[in-house]
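Trainee: Dropping a structure here in structure tokens format, bear with me for questions.
The values are calculated or read from the model by the stated rules, or taken from the named source; none is laboratory data. Keep in mind the model is a prediction, meaning the values are calculated, not measured. Cβ coordinates were reconstructed from backbone atoms using ideal geometry, including for glycine residues, and neighbour counts include every protein chain displayed. Areas reflect the complete protein model, heavy atoms only, side chains present, ligands, DNA and RNA absent. Shrake-Rupley method; radii C 1.70, N 1.55, O 1.52, S 1.80 Å.
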Amino acid sequence: MTRSSSTPSSTTHNTSSSDFPASPTSWTLVSGPSAGSRKKKAKSDIQEQVERVNDKIESLHSDVASRHSFKHERFLAKLDMKKDYHWEMKKYDYLCEARAHEAMQAATSHQREQEAKDAEIHLREMDIRVHEAQALALDKEVEMWRLKIQFHQMTQRGSKASASGGT
């Protein structure tokens, strides 16, 4: 069997009947009867290490994916909260504006009603003054008629007295 070493100073050894190397320096270069099992064990050890590293990598990828997923869910939750907050703020602003508008309309309506009542009160006060003036004018007219009647009666008595005294 012919073996070659991976070092630059390696030589090819021909082992015909014995599996032992020709020189003690090439002992590590040529495999003995337990060298195959050591190679298999080293190979399986390396494969186990590679599998562990792959498992760790896969676990890290899974952790990163989970973390990304949680971050994404958190982002979506924050986005929903912001959307809900803005919706509630718009709703609040709308309701405030609606209430302010209703209050302004109520104030305007109340002011109009108050002005109408004030105008009605003023009109009734004017009616009372007109009626009082009319009553005073009627009283003056009654006084005038009473005085006319009294004057008429006096003039008639005076004419009867002059007619009875002159005959």
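Trainee: Given a 1.4 Å probe and the protein chains all in place, what does the accessible area of Met144 round to, in Å² to the nearest 10?
Mentor: About 90 Å², ignoring ligands and nucleic acids.
Trainee: Per 0.36 nm of contour for each residue apart, how much would the distance between Lys41 and Lys90 grow if the chain were fully extended, relative to their Cα-Cα spacing?
Mentor: 10.5 nm
Trainee: Once the other residues with Cβ under 11 Å from the Cβ of Asp139 are scored (Lys, Arg +1; Asp, Glu -1), what is the net sum?
Mentor: -1
Trainee: How large is ³J(HN,Hα), in whole Hz, for each residue of segment 120-130 in order, when computed from phi with the Karplus curve 6.51 cos²θ - 1.76 cosθ + 1.60 and θ = phi - 60°, using x for Gly and Pro?
Mentor: Per residue, the Karplus-derived 3J(HN,Hα) values read 5, 4, 4, 4, 5, 5, 5, 4, 4, 5, 5 Hz.
Trainee: Can you figure out the FRET efficiency of Lys83 with Ile57, using R₀ = 45 Å and their beta-carbon distance, to the nearest 0.05?
Mentor: After rounding, the FRET efficiency stands at 0.75.
Trainee: To the nearest 10 Å², what's Leu147's accessible area with a 1.4 Å probe?
Mentor: Only protein atoms counted, so the area is about 90 Å².
Trainee: Round to the nearest 0.05 the FRET efficiency obtained for His152 and Arg129 when R0 = 30 Å and r is the Cβ-Cβ distance.
Mentor: Result of the calculation: an efficiency of 0.30.
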